[in-house]
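The values are calculated or read from the model by the stated rules, or taken from the named source; none is laboratory data. As the structure is a computational prediction, the values presented were derived from the model and not from experiment. Because the Cβ atoms are built from the backbone with ideal geometry, glycine has one as well, and the counts that use them run over all protein chains shown.
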Amino acid sequence: MFLSVIKGKQFEMPVYFDLEEKKQFDLGKEKVSDIMRAFLERVEAAGYFVGMYGSASSLTTHTADDIKSRYTIWLAHWCDQTNYTVAYGIWQHSEKGSVDGQKYSGKLNKA
């Protein structure tokens, strides 16, 4: 579904995979990392620059090291000074703020 939505589009930034569901985290680090790899590898194989989005906690406890070293990371760690020590490309240090642009309604337009 994701690839069909972005098909034919070009991006200046990576496209990120965001996994936040407790039910998935409850599967354990190995299974969660398998889910992440499946998505990341498939999107990358389709020709996109892909990365992983996650909190410092989820990246530490649920994400295998090979994923964190292979893909760019968008770190969500809401604090003034992060203690997350693994390399990351973007650090989201707050849940507040906004960017001008079109709001996402939560619904996809079907062509």
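Against the definition (outside any helix (DSSP H, G or I), on the phi > 0 side of the Ramachandran plot and either of a type outside the set (Lys, Arg) or buried (at least 18 other Cβ atoms within 10 Å of the Cβ) (or both)), how does GLY51 come out, yes or no? Here the answer is no, as GLY51 does not meet what is asked. Across segment 1-57, which residue is nearest to the chain's Cα centre (by Cα) among those that are of a type in the set (Phe, Trp, Tyr) and more than 25 Å from CYS79 (Cβ to Cβ)? Result: PHE39. The numbered conditions (1) of a type outside the set (A, V, I, L, M, F, W, C); (2) at pLDDT 95 or above; (3) in a loop (DSSP other than H, G, I, E, B) are all true for GLU95 except (2). Pairs please, first residue from segment 41-68 and within 19 Å of MET13 (Cβ to Cβ) and aliphatic (A, V, I, L, M), second anywhere and part of a loop (DSSP other than H, G, I, E, B) and modelled with pLDDT of 95 or more, Cβ atoms under 8 Å, 6+ apart in sequence or on different chains. Short answer, once both residue conditions are applied: VAL50/PRO14; VAL50/TYR71; MET52/THR63; MET52/TYR71. Could you list all residues from segment 82-101 that are over 12 Å from the mean Cα position of the chain (by Cα), surrounded by 10 or more Cβ atoms within 10 Å (Cβ to Cβ) and among the β-branched types (Val, Ile, Thr)? Of everything in segment 82-101, those that are over 12 Å from the mean Cα position of the chain (by Cα), surrounded by 10 or more Cβ atoms within 10 Å (Cβ to Cβ) and among the β-branched types (Val, Ile, Thr) turn out to be THR82, VAL86.
The number of residues in segment 64-81 being surrounded by 14 or more Cβ atoms within 10 Å (Cβ to Cβ) and assigned to a loop (DSSP other than H, G, I, E, B) comes to 3. How many of the residues in segment 12-30 are part of a helix (DSSP H, G or I), without any contact (Cβ under 8 Å) to a residue 24 or more places away in the chain and of a type in the set (D, E, K, R)? Total meeting the criteria: 2.
If you go through segment 1-36 and keep only what is surrounded by 13 or more Cβ atoms within 10 Å (Cβ to Cβ) and among the aromatic types (Phe, Trp, Tyr), you end up with PHE2, TYR16, PHE17, PHE25.
Screening SER33, SER4 for residues that are outside any loop (DSSP other than H, G, I, E, B), farther than 21 Å from ALA87 by Cα and of a type in the set (Ser, Thr, Tyr) leaves exactly one candidate, SER4.
Looking at (1) assigned to a loop (DSSP other than H, G, I, E, B); (2) touching a Lys or Arg at 6+ places or on another chain (Cβ under 7 Å), which one does TYR84 not meet, given that it meets all the others? Going through (1) assigned to a loop (DSSP other than H, G, I, E, B); (2) touching a Lys or Arg at 6+ places or on another chain (Cβ under 7 Å) one by one, TYR84 breaks only (2).
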